[in-house]
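Structure record follows, encoded as structure tokens.
The values are calculated or read from the model by the stated rules, or taken from the named source; none is laboratory data. Quick caveat: nothing in here was measured; it's all calculated off a predicted structure. FYI the Cβ positions are ideal-geometry reconstructions off the backbone, even for glycines, and counts take in every protein chain you see.
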Amino acid sequence: MRGNKKYSHVIDTPDPGKWELAGYEASLPITEKSNPITREIDKADPTQIVQLLKDCDAEIFQEEDEALVNYKRLYSDLVLKTMMDIIGKVQEVLKEPDSTLIVLSGGGASGRLAFLMAVSFNKLLKGLGQPPQYTYIIAGGDRSLVASHEGPEDSALLGIADLNKVCEGKKKVIFFGISCGLSAPYVAGQLDFCMNNLDIFVPVLVGFNPVSMARNERIEDFHSTFRQVAERMEKLQESHKAFVLNPAVGPEGITGSSRMKGGSATKVLLETLLLTAHKTVSKDSEISEKCLLEILRTYERAHKVTYSQSKKIAALVKQAGTSLQKKAYVYMVGWHTLGIIAIMDGAECIPTFGADINDVRGFLIGDHSEMFNREADLIAQGPKFAFSEEDFVKTILPSLTELDTVLFLFTVDDDLVEVEKLAVQVKERTSNMQALCHATVGQYLPASLKKLFPSIISIMWPILFLEYEGNFIQRFQRELSTKWILNTVSTGAHVLKGKILRNYMVDMKVSNSKLFGRAVSMLQRFTGHSQAKCLEVLLQVIYDPEPLSEEIRAAEVSKHIAVATDKTKVVPTALLCLLRSCSVQEARSRLDAATSLRGALDAALSAPGRKRGASKSDPEENST
Ligand code: F6P
């Protein structure tokens with residue numbers, strides 16, 4: 001542990017990781033690097049999985065080390081200063097509620113977090129007797145909140161159109177464009193539009209790579225790359241017209257899975273910033289670094305409190321893993337915003353692990369009126385968009401079996417009679433019930449509810465003495481804690497099912513351009529083949545049984561994605577073709593016959609004749 005940390009930390013933040021060294025996977029941005037901590041997570045048992053992901057999450061709070069490459073971190077002066085500058089802008093808007101708006105936007109997990117935070121801060125305003133001032137935008141609209149829908153993230157023009165719609169008639173707008181990887185074209189378009197209309201917009205880019213590592217690929221329907229947009233933002237930051245909030249939080253535990261640390265850090269950063277803005281406006285006080293640090297430390301405390309339950313979390317990982325291994329399901333029913341966290345977690349398993357819709361699925365219990373922009377897009381729209389208590393009771397409950405796991409997520413302040421009622425119904429179908437319950441010291445669960453669950457992860461939070469924002473900090477801590485646990489459980493369960501190779505999401509869906517690029521890079525890394533060869537084989541698998549023509553090869557990536565999105569096991573099949581020099585058909589049959597995908601791939605990686613070390617640490621080192 002380094003001796004002279006600048007701030008007194010709540011948790012022992014780790015020493016800088018190897019990933020911070022200049023040469024480590026140099027061609028990849030931080031958010032796409034593989035984390036050295038989890039290199040062997042695919043072979044870990046549940047207890048080890050929890051420990052590894054806990055260590056990865058702790059990196060969020062690690063301070064910058066000047067002796068190394070010197071990435072900006074959460075506690076860096078520059079980051080805190082940028083936060084204070086943005087708070088100043090948010091204050092101006094909060095003081096002028098007429099014709100102003102705070103917009104949070106993103107794709108996938110980032111859009112879902114935008115939704116969650118907009119809901120929270122409008123609730124905070126409502127509590128103060130004020131009208132809503134926040135709104136959210138998610139690529140693909142409200143349906144993307146509850147279902148996996150990655151394609152719309154690729155369109156910059158769609159992003160601009162969606163932004164225009166929500167901002168109609170507004171005179172001042174603070175726009176938070178969230179893209180953890182500094183990569184989503186949807187967000188790039190919106191930021192660019194804001195910069196062209198600075199009389200109305202104050203754009204803020206939120207992500208976790210330095211601008212120099214922002215994605216630099218051509219965007220099909222746009223004139224600039226994400227990096228060019230981010231560079232323009234950085235320039236405008238000098239005159240406080242735009243801001244880039246981009247501390248490094250380290251690579252994800254599962255390579256590229258920005259729903260995990262990226263999502264958590266987004267929540268920590270933006271909630272801290274917005275809460276401070278509200279606090280200083282309502283108390284008419286100065287913005288201070290002390291205030292920011294006070295709130296940031298509560299999130300560090302949440303890490304400590306959450307992972308003090310590691311043993312029970314590991315037991316839950318094991319149980320969820322067993323359900324998935326037996327081809328059964330893991331359902332999570334959460335009260336209020338904990339339900340939103342559950343839905344988020346389930347939806348993200350689909351692109352990340354190539355999971356089926358029900359493999360891990362969340363439901364929101366409680367009132368959801370006034371939450372959505374267009375509720376009609378979700379209600380009674382069929383099983384894919386089911387998300388409510390009514391949906392759970394009508395469609396899932398009757399089909400539950402002993403093999404399924406049901407996880408209840410609630411706080412002691414929720415309606416416990418309602419919790420008990422649903423728990424009794426579930427218990428009639430499966431005994432694999434678990435609960436994650438948040439309480440404040442001194443609060444207890446009624447015995448009748450307790451005895452329904454064979455095991456309860458009971459998180460006991462200390463009493464907070466921070467005035468005004470206390471309630472919301474408590475709520476935010478509980479949400480983040482739930483997010484950490486669910487991310488760990490769903491990731492761990494898929495690791496146990498054999499969906500991860502080393503620390504790579506090898507069975508992900510190839511459903512947008514970022515994921516397409518990640519697929520090629522993954523193939524290069526594991527096979528040592530050139531980029532051209534990996535691309536060729538990936539296309540063969542995507543278009544199989546149609547042979548590759550010159551026309552297909554020359555087509556835009558969006559065409560490949562449209563074909564690949566609904567296909568399964570695309571990357572594992574391509575990987576096996578490359579490793580075994582076999583046909584697509586043979587690779588598919590081998591995968592279909594295998595009990596575990598990882599097992600099949602691992603066997604091919606260590607097959608006699610394959611040179612050890614053929615997997616390169618840096619895909620671009622051998623690109624054509
Ligand atoms: O759509 C794929 C995905 O990688 C999701 O997993 C992620 O939540 C989303 O893109 C957004 O990523 P980013 O925040 O980097 O734009």
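Okay, here's what the table says:
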{"item": "Count - residues of region 420-449 that are without any contact (Cβ under 8 Å) to a residue 60 or more places away in the chain and farther than 21 Å from HIS336 by Cβ", "result": "9"}
{"item": "Helices (runs of 4 or more DSSP H) enclosed by region 59-178 - at least 1 residues per element that are within 16 Å of the ligand (Cβ to nearest atom) and among the acidic types (Asp, Glu)", "result": "156-167"}
{"item": "Selection count, region 223-248, where residues are without any contact (Cβ under 8 Å) to a residue 60 or more places away in the chain and either among the hydroxyl-bearing types (Ser, Thr, Tyr) or within 14 Å of the ligand (Cβ to nearest atom) (or both)", "result": "7"}
{"item": "Residues (more than 21 Å from SER521 (Cβ to Cβ), touching a Ser or Thr at 6+ places or on another chain (Cβ under 9 Å) and within 12 Å of the ligand (Cβ to nearest atom)) located in region 249-278", "result": "GLY263, THR266"}
{"item": "Only listed residue being touching a Lys or Arg at 6+ places or on another chain (Cβ under 9 Å), among the β-branched types (Val, Ile, Thr) and either assigned to a loop (DSSP other than H, G, I, E, B) or within 16 Å of the ligand (Cβ to nearest atom) (or both), chosen from VAL506, VAL541", "result": "VAL506"}
{"item": "Condition broken by ILE254, with the remaining ones in (1) surrounded by fewer than 24 Cβ atoms within 10 Å (Cβ to Cβ); (2) under 26 Å from GLU32 (Cβ atoms) satisfied", "result": "(1)"}
{"item": "LYS499 vs. criteria part of a loop (DSSP other than H, G, I, E, B) and either modelled with pLDDT of 95 or more or buried (at least 22 other Cβ atoms within 10 Å of the Cβ) (or both)", "result": "yes"}
{"item": "Filter result (of a type outside the set (Val, Ile, Thr) and either modelled with pLDDT of 75 or more or surrounded by 13 or more Cβ atoms within 10 Å (Cβ to Cβ) (or both)) within region 4-14", "result": "LYS5, LYS6, TYR7, SER8, HIS9, ASP12, PRO14"}
{"item": "Leading residue by the ranking (nearest to ILE500 (Cα to Cα)) among those in region 550-581 that are of a type in the set (Val, Ile, Thr) and modelled with pLDDT of 95 or more", "result": "VAL571"}
